[in-house]
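*Asks:* First, the structure itself, so that you have it in front of you.
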Amino acid sequence: MAGPGMRPTAVLFACGMNSVRSPMAAAVTEKLFPGQIYVRSCGVRQGKVDPFVDAVMAEIGIDMSRHHPKTFEELDESGFDLVITLAPEAHHKALDMTRTDAVDVEYWPTLDPTLATGSREQILNEYRAVRDQLMMRIKKRLDWAPMPSG
């Protein structure tokens, strides 16, 4: 466990289907903290690649072509010191799966942009809003620097 005020070394982002919110959060974290934090994402159920995610992430220079949605059960890794859940069902699953582990689980309520309606641009704007909200929260939560000693 990272402990209060410390940056975690391994973070798992989780949402419903690992198609939109959690892969965006993981990709943003990797971009903001390259090589500093081990990052993965997963979902409660199997999802599909979302082309709107590819589009809005490409706008900020992130290529999502290597992302393949996976479930909690498909994770090859363990040992995360922070699990950030972005949907209620993912939060319940994470709490259940980590109840015997020393891991922090945080719930960040995040709107599901797949529910957006309207023109292509209106839908993209909903995805952008989620992307930007996640980026802001990630910066705030993970941008930790040690205090100088002495």
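*Asks:* About the Cα centre of the chain, how large is the charge dipole given +1 on each Lys and Arg Cβ and -1 on each Asp and Glu Cβ? Please answer in debye to the nearest 20.
*Replies:* Roughly 240 debye for the chain.
*Asks:* Using the per-residue mean of other Cβ atoms lying within 10 Å as a proxy for protection, in what order, highest first, do the peptides 128-135, 25-32, 102-109, 113-120 fall?
*Replies:* The most tightly packed comes first, giving 25-32, 128-135, 102-109, 113-120.
*Asks:* Can you compute the radius of gyration and Dmax for region 33-150, using only the Cα atoms, both in Å?
*Replies:* For region 33-150, the Cα radius of gyration and maximum Cα-Cα distance read 16.0, 57 Å.
*Asks:* I've got another one for you. If you put +1 on each Lys and Arg Cβ and -1 on each Asp and Glu Cβ, how big is the dipole of region 1-80 around its Cα centre, in Debye rounded to 20?
*Replies:* About 160 debye.
*Asks:* Rounded to the nearest percent, how much of the accessible area of region 28-148 (1.4 Å probe, protein heavy atoms only) is carbon and sulfur?
*Replies:* 54
*Asks:* Also: Considering only C-alpha atoms, what is the centroid distance from region 2-80 to region 93-140, in Å?
*Replies:* Their Cα centres are 10 Å away from one another.
*Asks:* Counting helices only, and only those DSSP H runs with n ≥ 4, report the 222 nm mean residue ellipticity of the chain as the sum of -39,500 (n - 2.57) divided by its residues, in deg cm²/dmol to the nearest 500.
*Replies:* -11500 deg cm²/dmol
*Asks:* Dipole of the chain (Lys/Arg Cβ +1, Asp/Glu Cβ -1, origin at the Cα centre): which of 27, 94, 41 lies farthest to the positive side?
*Replies:* 27
*Asks:* Mind listing P(r) for region 72-128? All alpha-carbon pairs, 5 Å bins, whole percents.
*Replies:* 4, 17, 21, 18, 12, 11, 10, 6, 2, 0
*Asks:* Taking only protein heavy atoms into account and a 1.4 Å probe, give the accessible area per residue of the chain in Å².
*Replies:* Result: 55 Å² per residue.
*Asks:* Which value in nm describes the separation of the simple spin-label points at residue 133 and residue 99, placed 7 Å from the Cα toward the beta carbon?
*Replies:* In this crude label model, residue 133 to residue 99 measures out at 2.9 nm.
*Asks:* In straight Cα distance, which lysines are under 23 Å from residue 139, not counting same-chain residues fewer than 8 positions off?
*Replies:* List returned: 31.
The values are calculated or read from the model by the stated rules, or taken from the named source; none is laboratory data. On a predicted model such as this, the values are computed, not experimentally measured, just so you know. Cβ coordinates were reconstructed from backbone atoms using ideal geometry, including for glycine residues, and neighbour counts include every protein chain displayed. Heavy atoms of the whole protein, side chains included, go into the accessibility calculation; ligands, DNA and RNA do not. Shrake-Rupley method; radii C 1.70, N 1.55, O 1.52, S 1.80 Å.
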